[in-house]
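Written below as structure tokens is the structure these notes are about.
Taken together, the values in this text are just the output of simple stated rules run on the coordinates, not laboratory data. Quantities reported herein were computed from a predicted structural model and do not represent experimental measurements. Reconstructed Cβ throughout: ideal geometry from the backbone, glycine too, with neighbour counts over all protein chains shown.
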Amino acid sequence: MEKNSRIFVAGHRGLVGSAICRALERQGYRSLVLRTHAELDLTDRAAVLDFCQKEKPEFVFLAAAKVGGILANDTYPADFIRENLEIQNSVIDASYRSGVKRLLFLGSSCIYPKLAPQPIKEEYLLTGPLEPTNRAYALAKIAGIEMCWSYNRQYGTRYLAAMPTNLYGPGDNFDLKGSHVLPALMRKVVEAKRAGETRLAVWGTGKPRREFLYSDDLAEACIHLLNLPEASYESLISQDEAPLINIGTGEDLTIRELAELVARVLGFDCELVFDTTRQDGTPQKLLDVSRIHSLGWKAKVSLEEGIRRTYASAQSQLELVAS
């Protein structure tokens, strides 16, 4: 990508999209093409095609998605599969029809089988049953990967799918009904501290292991991928296998350890209480990141530092919702 290349960041106000925009601006890219949902409904195929044909983006980061934690996924599966499929279909097809050079489709580690061997390699896709609580979302993302691959094979496009591990960072969702585990724990800690409590409720047994990636690290990885030299990029979009690459830290911890870390970073001395009536989800989701490491990228922000930064960026918001 040249500094004046026209770059469309779909979903630029979300956790991932906003991080990508910040990283692009830091690196001096001057021609970002951005639209709010009010300005462009990404589920409207005709509107998206018209937008792309008029604006002529050269590169696309497809970060727009309907996302949520285990409760939201389990409660609204129809919304998750429908909206994500509509967004993907609109943006990927319009990108092809308007001549986009490279597109990066952002998915999720939940595409992999629930009981996949650890760490999870890209080739484990479609080798076993999915986690039931987020199957609808996972299937939508798998369809997006297949769509990128199919367009590459049939139309000669150059689309790549990146699967990040669990994400967190500035602009995260702290709504307990829709958030992921890390921001949910942060909000619970703030609320418990304000209420003068000494116990912290954690969903599930605390035994599942999870990997976490700071959103600004993901953004740097995304830009790194779309800027790969031709030979390296070509190796990722080979027709012999899905154009898929994992993005993560290569390290995980238990939910119990995560809760202890969040409490310590936010200064809350407490007893953990586990609500075992709540589902644990997948036992472990640790990505094999050897492929992206071999291409010259590694995560930089430690989990503890990332939690500090996320809290600093959202402290006023968290204090307000806790009051």
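Per-structure values
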{"read-out": "Debye intensity ratio in log₁₀ form over the Cα atoms of region 259-323, taken at each q of 0.14, 0.22 Å⁻¹", "value": "-0.73, -1.10"}
{"read-out": "Folded to 0 to 90 degrees: helix 215-226 orientation relative to the chain principal axis, Cα", "value": "20 degrees"}
{"read-out": "Helical mean residue ellipticity (222 nm; -39500 (n - 2.57) per DSSP H run of 4+; nearest 500) of the chain", "value": "-13500 deg cm²/dmol"}
{"read-out": "Reduced Cα scattering model of region 1-115, Debye log10 I(q)/I(0), q = 0.15, 0.20, 0.22 Å⁻¹", "value": "-0.67, -1.10, -1.26"}
{"read-out": "Kirkwood Rh in Å, taken over the chain so that all alpha-carbon pairs contribute", "value": "20.1 Å"}
{"read-out": "Loop-resident sites, region 1-109, for GluC sites (Glu not before Pro), counting at most 15 other Cβ within 10 Å (DSSP)", "value": "Glu2, Glu39"}
{"read-out": "Tilt relative to the chain, helix 45-55 - C-alpha long axis, 0 to 90 degrees, to 10", "value": "70 degrees"}
{"read-out": "DSSP bridge pairs, the chain: antiparallel proportion in percent, nearest 5", "value": "5 percent"}
{"read-out": "Antiparallel content of DSSP bridges confined to region 176-314, in %, to 5", "value": "20 percent"}
{"read-out": "Overall dimensions of region 165-320 by Cα: Rg and Dmax, Å", "value": "17.6, 58"}
{"read-out": "Most mobile listed residue (Gly196, Gly128, Gly144) in the chain, GNM with C-alpha springs under 10 Å", "value": "Gly196"}
{"read-out": "Ascending count of other beta-carbon atoms within 10 Å, so fewest first, for Glu211, Glu257, Glu191", "value": "Glu257, Glu191, Glu211"}
{"read-out": "5 angstrom amide H check on Lys114, placed H, neighbours 5+ away", "value": "Leu130, Glu131"}
{"read-out": "0 to 90° range, to nearest 10: angle between helix 135-155 axis and the chain longest Cα axis", "value": "20 degrees"}
